[in-house]
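The values are calculated or read from the model by the stated rules, or taken from the named source; none is laboratory data. In this text the structure is predicted, and so the values were computed from the model without any measurement. Every residue, glycine among them, receives a Cβ derived from its backbone with ideal geometry; neighbour counts consider all protein chains shown. These area figures cover heavy atoms from the full protein model, side chains too; ligands, DNA and RNA do not enter into them. Shrake-Rupley method; radii C 1.70, N 1.55, O 1.52, S 1.80 Å.
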Amino acid sequence: MTALLPRRGLAQILALIVILAVDRVVSPQFFDLRLQDGRLFGSLIDVLNRGTPVALLSLGMVLVIATRGIDLSVGAVMAISGAIAASLADSHGLPVVLAASLGAGLVCGLWNGFLVAVLGMQPIVATLILMVAGRGIAQLITEGRIVTFASPGLVWLGNGSILGLPVPVAIALGMLILTGAVVRGSALGLLIEATGGNARASELAGVGTRAMILSVYVWCGVCAALAGVIAAADIMGADANNAGLWLELDAILAVVIGGTSLFGGRFSLVLAVLGALIIQTMNTGILLSGYPPEFNLLVKAVVVMAVLLLQSPKLSGFAGIMARLRRAKP
Amino acid sequence: MTSKALFAASAMAALLLALPASAAELTVGFSQIGSESGWRAAETSVSKQEAAKRKVNLKIADAQQKQENQIKAIRSFIAQNVDAIFLAPVVSTGWDSVLKEAKEAKIPVVLLDRDIDPSGKELYLTAVTSDSVHEGEVAGDWLAKTVGAKACNVVELQGTVGASVAANRKKGFDTAIAKHANLKVVRSQTGDFTRAKGKEVMESFIKAEGGGKNICAVYAHNDDMMVGAIQAMKEAGLKPGKDILTVSIDAVPDIFKAMVAGEANATVELTPNMAGPALDAVAAFKEKGTVPPKWIQTESRLLTATDNPQKEYDSKKGLGY
């Protein structure tokens with residue numbers, strides 16, 4: 001149940017393989033890889049690199065959703081942290097820049113967590129406040145302009161490479177391992193799931209549900225801030241109007257594709273990240289295909305529906321049999 | 001600019017009413033959309049400069065992208081009995097009743113940057129706008145001239161799907177290169193007018209076209225997407241501006257920075273100076289009764305690396321882009 005990759009991941013892996021195969025058909029050079037200036041270069045690397053922001057967002061989002069919450073503000077938090085990072089980049093060192101922008105994400109998360117856990121607001125409404133206000137805050141920081149910077153340290157975070165892998169991908173991998181180690185290496189994950197499953201019962205059983213809820217929103221804010229710094233580093237500038245725009249929806253979609261129920265109670269980090277990769281594999285495939293852009297959203301919707309149908313135990317023979325087998329076992 | 005956007009529209013109207021009457025010859029009220037983009041901020045700064053040059057008292061009301069705020073601002077301008085009203089309409093319909101009020105008060109209205117629904121043509125004096133189809137043509141003509149008779153595969157970064165500017169800039173470019181059989185748009189995808197998407201889409205174009213070897217030029221519907229595309233080309237080991245020609249539209253400061261570095265070739269200016277021609281038209285109308293044409297088209301200047309990009313950058317960087 002608490003394994004990092006449970007058997008229920010089969011549908012997602014199958015979906016990823018199918019989409020990769022389709023990408024190979026529309027773009028024959030899809031799996032080509034070569035080294036360019038010490039960095040791997042190819043469409044597969046693009047998928048990983050471009051998928052990083054949503055993967056990072058989904059790492060925080062999946063924990064929030066596990067507590068039966070939701071965080072609509074992650075896109076706005078990306079804009080805020082990116083704006084802070086870009087404004088400070090050329091005048092301060094990288095540690096200060098990172099501390100300030102990730103700190104802003106932490107504060108945003110605390111705010112959301114406070115509204116939900118302490119004031120008892122509905123998560124969708126509580127985080128909607130920051131979703132709207134956050135972009136305004138980011139625009140205030142950048143004064144509505146695209147703030148550019150040339151600080152080599154921050155640029156490296158978006159465009160550098162570690163052992164041939166783009167730095168953002170390495171960061172996302174590191175965050176997945178860190179988050180996994182913390183929540184699955186301890187009872188924390190179980191307590192988060194208990195909070196989402198039945199907050200009242202868990203409270204009575206001695207789980208500090210309030211602290212659980214507060215901490216998942218904080219973590220979600222930090223992940224979003226990191227995604228924002230990477231997005232700004234990628235284009236060497238902070239675009240408060242567009243950074244992270246609508247990405248909260250992609251993050252929620254990634255979590256759902258990863259099989260986590262919006263009703264909370266259980267989650268899988270690896271599958272959420274896999275969900276983010278499925279979305280990006282599809283996006284990159286659409287860009288490579290050469291279809292007119294009017295089809296982008298339509299193709300995306302059809303594929304998402306297919307992936308979700310694949311997971312539906314009632315509609316998919318394969319998943320259905322798996323579910324029945326699992327039910328028959330005990 | 002943005003800090004101003006914080007005020008509620010009502011507070012702003014009150015502020016406007018409280019402003020002391022100036023000794024200037026003309027008083028013009030300007031209902032600006034809001035601070036949706038850097039270009040918009042630059043338009044506001046240039047409008048102030050142009051008004052100051054002509055000793056006109058310009059009152060600017062920021063509508064925060066809301067039509068109701070613009071209507072309120074226009075009503076308050078009418079109440080103050082200004083000499084003329086400039087309107088940058090956020091949408092094209094729904095202006096009839098408030099523009100009729102202005103007409104009854106005999107205050108001429110000039111539309112800036114955007115047009116309104118054709119049914120309302122008699123309700124305004126003139127519209128000062130750029131022709132976005134023409135902008136695309138200027139970009140296409142430059143590319144055709146630069147490439148000459150050589151075969152050239154062009155990739156296109158479109159603006160947001162459904163935006164009229166994107167459709168027009170595509171149409172103009174297509175018309176211009178249709179006369180040249182050697183120019184062909186091989187790939188066209190939307191980059192949503194943003195740097196991040198421009199970069200992502202260009203990355204995929206490069207992969208799909210043999211590592212960029214089959215691409216001879218990039219055409220982007222705005223400079224921001226091109227700035228992203230230039231990064232993508234550099235990361236792929238290509239030399240933008242040399243291996244692959246670039247032409248885009250808007251003339252924002254950062255594209256001139258790229259030109260100075262030899263990484264961009266040409267841009268077509270969408271001038272932020274819409275207020276200058278509008279003020280001239282209003283002055284002529286007020287003094288001599290000259291009725292301007294219904295449409296004053298702003299110039300779409302072509303700016304290339306040979307047009308002193310450093311000077312262009314210096315003149316534009318302070319405008320709020």
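Quick notes on this one:
- Failed item, numbered, when residue A:150 is tested on (1) closer than 27 Å to residue B:34 by Cβ; (2) within 13 Å of another protein chain (Cβ to nearest Cβ): (1)
- Each residue in region A:208-232 was checked for being of a type in the set (Gly, Ala, Ser) and open to solvent by less than 20 Å² (accessible area, probe 1.4 Å), and 6 of them qualify.
- In region B:186-220, the residues that are in contact (Cβ under 8 Å) with a residue 60 or more places away in the chain and either under 15 Å from residue A:44 (Cα atoms) or open to solvent by 10 Å² or more (accessible area, probe 1.4 Å) (or both): B:214, B:216
- All told, residue A:172 meets the bar of being of a type outside the set (Val, Ile, Thr), away from chain B (no Cβ under 14 Å) and open to solvent by 10 Å² or more (accessible area, probe 1.4 Å).
- Subset of region A:250-262 [open to solvent by 20 Å² or more (accessible area, probe 1.4 Å) and touching a Gly at 6+ places or on another chain (Cβ under 8 Å)]: A:253, A:256, A:259
- Residues that are in a strand (DSSP E or B) and closer than 24 Å to residue B:148 by Cα within region B:245-264 comprise B:245, B:246, B:247, B:248, B:249, listed in sequence order.
- Scan of region B:98-107 for residues that are surrounded by fewer than 20 Cβ atoms within 10 Å (Cβ to Cβ) and outside any helix (DSSP H, G or I), ordered by number: B:105, B:106
- When residues of region B:41-55 are limited to those that are buried (at least 22 other Cβ atoms within 10 Å of the Cβ) and not acidic (Asp, Glu), the one farthest from the other protein chains (Cβ to nearest Cβ): B:51
- Residues of region B:261-287 that turn out to be within 14 Å of another protein chain (Cβ to nearest Cβ) and either acidic (Asp, Glu) or in contact with a helix residue (DSSP H, G or I) (Cβ under 6 Å, 6 or more places away or on another chain) (or both), as a count: 2
- When the residues of region A:34-55 are filtered to those that are surrounded by 13 or more Cβ atoms within 10 Å (Cβ to Cβ) and among the hydrophobic types (A, V, I, L, M, F, W, C), the one that is nearest to the other protein chains (Cβ to nearest Cβ) is A:41.
- All conditions but one from (1) touching a Ser or Thr at 6+ places or on another chain (Cβ under 8 Å); (2) more than 14 Å from every other protein chain (Cβ to nearest Cβ) apply to residue A:12; the one that does not is (1).
- Extreme residue, farthest from the chain's Cα centre (by Cα), among residues of region B:60-97 that are among the small types (Gly, Ala, Ser), in a helix (DSSP H, G or I) and at pLDDT 95 or above: B:79
- All conditions in (1) in contact with a strand residue (DSSP E or B) (Cβ under 9 Å, 6 or more places away or on another chain); (2) surrounded by fewer than 19 Cβ atoms within 10 Å (Cβ to Cβ) hold for residue B:292, with the sole exception of (2).
- Residue check, residue A:253 within 14 Å of another protein chain (Cβ to nearest Cβ), over 17 Å from residue A:10 (Cβ atoms) and modelled with pLDDT of 95 or more: no
- Test: residue B:113 is modelled with pLDDT under 95 and buried (at least 21 other Cβ atoms within 10 Å of the Cβ): yes
- A search for C-beta distances below 9 Å between a residue of region A:54-70 that is at positive phi and any residue that is in a helix (DSSP H, G or I) and buried (at least 24 other Cβ atoms within 10 Å of the Cβ), counting only pairs 6+ apart in sequence or on different chains, returns A:68/A:195; A:68/A:196.
- Candidate set from region B:144-185 (those that are aliphatic (A, V, I, L, M) and open to solvent by 50 Å² or more (accessible area, probe 1.4 Å)); member that is farthest from the other protein chains (Cβ to nearest Cβ): B:149
- Residue in region A:123-143 that is at pLDDT 95 or above and under 16 Å from residue A:62 (Cβ atoms) present: yes
- As a summary of the residue check, residue B:307 satisfies the conditions (1) part of a loop (DSSP other than H, G, I, E, B); (2) open to solvent by less than 10 Å² (accessible area, probe 1.4 Å); (3) not polar (S, T, N, Q) except for the one numbered (2).
- Restricting attention to region A:41-89, the residues that are touching a Ser or Thr at 6+ places or on another chain (Cβ under 7 Å), under 29 Å from residue B:206 (Cα atoms) and not in a helix (DSSP H, G or I) total 0.
- Residue in region B:284-300 that is under 22 Å from residue B:29 (Cβ atoms), part of a loop (DSSP other than H, G, I, E, B), polar (S, T, N, Q) and without any contact (Cβ under 8 Å) to a residue 60 or more places away in the chain present: yes
- Matching residues in region B:290-321 - criterion: being within 24 Å of residue B:136 (Cβ to Cβ), among the basic types (Lys, Arg) and modelled with pLDDT under 95: B:294, B:316
- Count of residues meeting criterion [open to solvent by 10 Å² or more (accessible area, probe 1.4 Å) and either over 16 Å from the mean Cα position of the chain (by Cα) or outside the structural domain of residue B:207 (by TED's automatic domain parsing) (or both)] in region B:235-256: 8
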